[in-house]
Amino acid sequence: MKIAIFGSSFQKEEQIKKVVDAVKKNGAEIFLEEQLHQYLCSNYNLYCNTGGIIKGRDFDTDMVVSIGGDGTFLRSAAKIGNKQIPILGI
């Protein structure tokens, strides 16, 4: 299973770690949104090596997890568009 994780640069390290570790524990391949990937690598040196980095709207995963507030969820939904990918907001 491929899971995309979207988020903003306001995330706390422990929140992201819990979600990513839970996804990894269940054997899913993780794809990070480019903005979130840059934030995690530069601020926490976390998850620099993932299954892939999502740039723009060109991606295909089984699910999207959106971590943040309403704005992050809406941005995630806009990137998904009409792809019929389920989205979970946290």
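The values are calculated or read from the model by the stated rules, or taken from the named source; none is laboratory data. All values derive from a computational prediction rather than experimental measurement. When we count neighbours, we look across all protein chains shown, and the Cβ atoms used for this are built from the backbone with ideal geometry, even at glycine. Calculation scope for accessible area: heavy atoms of the full protein, side chains included, ligands and nucleic acids excluded. Shrake-Rupley method; radii C 1.70, N 1.55, O 1.52, S 1.80 Å.
Observations on the model:
- Residue ID - farthest from K18 (Cα to Cα), chosen from residues in the range 41-53 that are of a type in the set (A, V, I, L, M, F, W, C) and open to solvent by 40 Å² or more (accessible area, probe 1.4 Å): I53
- Scope the range 54-73; condition at pLDDT below 95 and loosely packed, with under 14 Cβ neighbours inside 10 Å; matching residues: K55, G56, R57, D58, D60, G69, D70, G71
- When residues of the range 24-43 are limited to those that are modelled with pLDDT under 85 and hydrophobic (A, V, I, L, M, F, W, C), the one farthest from F73 (Cα to Cα): C41
- Restricting attention to the range 77-90 and to residues that are open to solvent by 30 Å² or more (accessible area, probe 1.4 Å) and in a loop (DSSP other than H, G, I, E, B), the residue that is nearest to S8 (Cα to Cα) turns out to be I90.
- Cβ-Cβ contacts under 8 Å between residues 6 or more apart (or on different chains), taken from a first residue in the range 74-85 that is on the phi < 0 side of the Ramachandran plot and touching a residue at least 24 places away in the same chain (Cβ under 8 Å) to a second residue that is open to solvent by less than 50 Å² (accessible area, probe 1.4 Å) and in a loop (DSSP other than H, G, I, E, B), are listed as K79/G56; K79/F59; I85/T61.
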